[in-house]
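Below: one structure, written as structure tokens.
The values are calculated or read from the model by the stated rules, or taken from the named source; none is laboratory data. Just so we're clear, the structure is a prediction, and the values are computed from it rather than from any experiment. Every residue, glycine among them, receives a Cβ derived from its backbone with ideal geometry; neighbour counts consider all protein chains shown. The protein model used for the area step is the full one, side chains on, heavy atoms only, and it has no ligands, DNA or RNA in it. Shrake-Rupley method; radii C 1.70, N 1.55, O 1.52, S 1.80 Å.
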Amino acid sequence: MSILEVKNVGKRFGGLQALGDVNLSIAENSCHAIIGPNGAGKSTLLNCLIGKLIPDTGSVMFDGQSVLGRKPHEINQMGISRVFQTPEIFADLSVWENVMIPIFAKRDGSFRMHAFESVARERKVVDGAMQMLDDVNMADKRDLLAGSLSRGDKRRLEMAMCLSQNPRLLLLDEPTAGMARADTNNTIELLREIRTKRDITMVIIEHDMHVVFSLADRITVLAQGTPLVEDTPDRIKGHPKVQEAYLGEAAH
Amino acid sequence: MQSFGRKDTILLIVVALLVLLAPVILNPFPQASSLAQFNAGYPDLMQRFVIFGIFAIGFNILFGLTGYLSFGHAAFLGAGSYAAVWMFKLLSMNVIPAIVLAVVVGGLFAALIGYVSLRRSGIYFSILTLAFAQMSFALAYSVLTPLTNGETGLQLSLSDPRIFDPAATGSLPTTNLFGIDMRATTTIFAGPWEFQLNAGYYMSGLIMLVAFWLSIRIFRSPFGMMLRAVKSNQQRMSYTGLSTRPYTLAAFVISGMYAGLAGGLLAAMDPLAGAERMQWTASGEVVLMTILGGAGSLIGPVLGAGFIKYFENIFSKINDSVLHTWFGALPDGLETALVTLVHPFVGKGWHLTLGLLFMLVVIFLPGGLVEGGRRIRGVVGRRNRKAGDPEARAASKQPAE
Ligand SMILES: Nc1ncnc2c1ncn2[C@@H]1O[C@H](COP(=O)(O)OP(=O)(O)OP(=O)(O)O)[C@@H](O)[C@H]1O
Ligand SMILES: [Mg+2]
């Protein structure tokens, strides 16, 4: 069963065809990696999935429903969360407020006038946020301002924010860029563990091949806005087209 | 972690004590002394302190939390005043219906203006609110004369129906709270000092305390957290499944209701309403109050309101003859020179001093007077710790609440 169906999606920016004719079918509970050189259109593709961009052509179906024409918050409420390439967090709020907000959003929907309840009394939310921060090894940083974190910590925080919503589809745009090796390995562990614990589908964009080959069930190689090949990690490793278009280039 | 904790309770109690004792605290100079003109403890001014405090507390819920800078909040204040005076004319001189209607009208008017203005953010939002408020001012001044009595302003008259009150005879009736005259003042003489306890002030003060308590609740609520999230990163909010518009609109309406309440109270203290209450200078004033005191802090806006109203009413009274008495002891040439030097900053020049102060605060204390207080406490706290004060040491170790 595929949970996400991308059909004939195209997107132009002025004279630049950022996405040509993208077809992608992502199986439920799989981890699907998208790799490709800089400017291949990977982030643009994710933008089309979450309502940040509206593609010029094609369709995007999530769990049998079209996401096109829906607002970003509606798409999130359908069960799609995204970690951005440049961290999108609430820089002026504390680390654990950052994690509580998505939990509230998941519980209460896109708007609720809970103006007279105390945040501190929301035990379930507070504990849930604490648990989530524990899972990403950030419990000791909970009172810091999110904006003061290192780049790697900001990414981990953003991942915690997304995971705290228990999304059905998690989109990760270079989740380990800027992280130290040890944190990268922790992140791989965390994502693997999540997959064993609950039903979740992941789409991950990554330049770090170690991360890709540790996590992905299937890999799509994107170049100049069009998918070159899609296959299992083992077959991708040896694929001549991939060597030439992407891995080869990285080997220079 | 934010909750309505011990700190907030203490803050609320301190503010309550200040409100209770203001008639004494603000009248430190004996009545006969030459400094008595700096006494701010007279009913009219104290009422202004708390009423504009309410206005600023409400403004801070919008501006301090969401960062949306409205330049049109005086429109809601003015609308609240008109609504209240109409209640005095039609129903009764009891202030309750007037205040309730003022809050409702402030909220509805804010819902209308907010709905349109919040389609934009940043400078465009500010300009839209300013445009709406100036439009309201112009309408109140001219087209809506049947409702607002135009230039003259809305006033009571003996022929008003006032259906719940007995017919007035002779003089205009005064506002009351179930029979307690809002103008009732008891003067306490303590030696050379005089303290005035005024019914209207205490009622407004009590309402300000409730308004302040509500704002603390909002600050500590999930809703308040969402409003701060709006200020921090709207993109992230929407990709987290939250719709930002209803949050900003709710904050706008709440602050409009606070403004309406303040307008209603102004009318309850003195049953008049004029279009100038809606003018852009009045909208700008509440922005200054909030920034001067400390936007986004709980008590800042109240301090800012007090500060500006003090300047407007007291500092403005220092004229040349006062200056001459101050510097009278100096040699003549020096006296004249000093008076000439200080003259532009006092009396009618109070705006200049306030403007300079405002600049200094914004440049050196971006967190406003509240940040100034925090810094002073920081310095004092460090000294205490050096002196080995165990309590200060323990306090500094506690995690940030
Ligand atoms: N909003 C936009 N407006 C104009 N051009 C854009 C926009 N977003 C992306 N592009 C262009 O589209 C192309 C694809 O960009 P995209 O960010 O999708 O690449 P990518 O595969 O994510 O690259 P990277 O690995 O560097 O993140 C690039 O040439 C980029 O400059
Ligand atoms: Mg990218």
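Table for the structure above
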quantity	calculated
The lone exception for A:A33 - which of (1) touching a residue at least 60 places away in the same chain (Cβ under 8 Å); (2) within 16 Å of ligand 2 (Cβ to nearest atom); (3) over 14 Å from the mean Cα position of the chain (by Cα) it fails	(3)
Matching entry among B:S81, B:S92, B:S70 (being under 21 Å from B:S255 (Cα atoms), away from chain A (no Cβ under 14 Å) and in a loop (DSSP other than H, G, I, E, B))	B:S70
A:M138 vs. criteria modelled with pLDDT under 95 and open to solvent by less than 20 Å² (accessible area, probe 1.4 Å)	yes
Test set (1) touching a helix residue (DSSP H, G or I) at 6+ places or on another chain (Cβ under 9 Å); (2) open to solvent by less than 10 Å² (accessible area, probe 1.4 Å); (3) closer than 30 Å to A:L133 by Cα; (4) within 16 Å of ligand 2 (Cβ to nearest atom) - A:C48 fails condition number	(1)
Matching option when the condition is modelled with pLDDT under 95 and among the aliphatic types (A, V, I, L, M), among B:L197, B:L206, B:L265, B:L261	B:L197
Segment A:158-178 residues that are of a type in the set (K, R), paired with ones that are away from ligand 2 (no atom under 16 Å from the Cβ) and in a helix (DSSP H, G or I) (beta carbon under 9 Å, 6 or more apart)	A:R168/A:M78
Tally of residues being of a type in the set (A, V, I, L, M) and not in a helix (DSSP H, G or I) across segment A:171-214	10
Residues satisfying the stated conditions in segment B:215-253, i.e. at the interface with another protein chain (Cβ under 8 Å from one of its Cβ atoms) and of a type in the set (A, V, I, L, M, F, W, C)	B:I218, B:F223, B:M225, B:M226, B:A229, B:M237, B:L242, B:A250
From the options A:F111, A:F104, residue that is touching a residue at least 12 places away in the same chain (Cβ under 8 Å), surrounded by 16 or more Cβ atoms within 10 Å (Cβ to Cβ) and either in contact with a His (Cβ under 9 Å, 6 or more places away or on another chain) or facing another protein chain (nearest Cβ under 7 Å) (or both)	A:F104
Pick from segment B:129-161, criterion under 15 Å from B:V85 (Cα atoms) and of a type in the set (S, T, N, Q), ranking: surrounded by the most Cβ atoms within 10 Å (Cβ to Cβ)	B:T148
Pairs with Cβ under 6 Å, 6+ apart, first in segment B:242-266 and open to solvent by less than 10 Å² (accessible area, probe 1.4 Å), second polar (S, T, N, Q)	B:L242/A:S110; B:T248/B:T66; B:A251/B:T66; B:G263/B:S81; B:L265/B:S204
Matching option when the condition is away from chain B (no Cβ under 14 Å) and in contact with a strand residue (DSSP E or B) (Cβ under 8 Å, 6 or more places away or on another chain), among A:L46, A:L19, A:L93, A:L53	A:L19
Test: residue in segment A:116-133 that is surrounded by fewer than 16 Cβ atoms within 10 Å (Cβ to Cβ), more than 16 Å from ligand 2 (Cβ to nearest atom) and in a loop (DSSP other than H, G, I, E, B)	yes
Neighbours by Cβ (under 7 Å, 6+ apart or cross-chain): first from segment A:215-227, away from ligand 1 (no atom under 11 Å from the Cβ) and part of a loop (DSSP other than H, G, I, E, B); second open to solvent by 10 Å² or more (accessible area, probe 1.4 Å) and of a type in the set (G, A, S)	A:D217/A:S30
Options A:P72, A:P87: the member that is at pLDDT 95 or above and either in contact with a His (Cβ under 9 Å, 6 or more places away or on another chain) or farther than 22 Å from A:G225 by Cβ (or both)	A:P72
Single residue of segment A:163-181 satisfying the filter (within 13 Å of ligand 1 (Cβ to nearest atom) and within 12 Å of chain B (Cβ to nearest Cβ)) that is surrounded by the most Cβ atoms within 10 Å (Cβ to Cβ)	A:L171
Output for segment A:134-165, where each listed residue is farther than 20 Å from A:E193 by Cα and assigned to a helix (DSSP H, G or I)	A:D140, A:K141, A:A146, A:G147, A:S148, A:R151, A:K154
Which listed residue is more than 30 Å from B:L156 (Cα to Cα), part of a helix (DSSP H, G or I), in contact (Cβ under 8 Å) with a residue 12 or more places away in the chain and open to solvent by 60 Å² or more (accessible area, probe 1.4 Å), from B:L35, B:L12, B:L62, B:L20	B:L20
Where A:V229 falls short, out of the listed (1) open to solvent by 20 Å² or more (accessible area, probe 1.4 Å); (2) out of contact with any His (no Cβ under 7 Å at 6 or more places or on another chain)	(2)
Condition check for B:A40: part of a loop (DSSP other than H, G, I, E, B), more than 14 Å from every other protein chain (Cβ to nearest Cβ), open to solvent by 60 Å² or more (accessible area, probe 1.4 Å) and of a type in the set (G, A, S)	no
Segment A:1-32: number of residues that are in contact with an Asp or Glu (Cβ under 9 Å, 6 or more places away or on another chain) and within 13 Å of ligand 1 (Cβ to nearest atom)	5
Within segment A:60-87, tally of residues that are of a type in the set (D, E, K, R) and surrounded by 19 or more Cβ atoms within 10 Å (Cβ to Cβ)	1
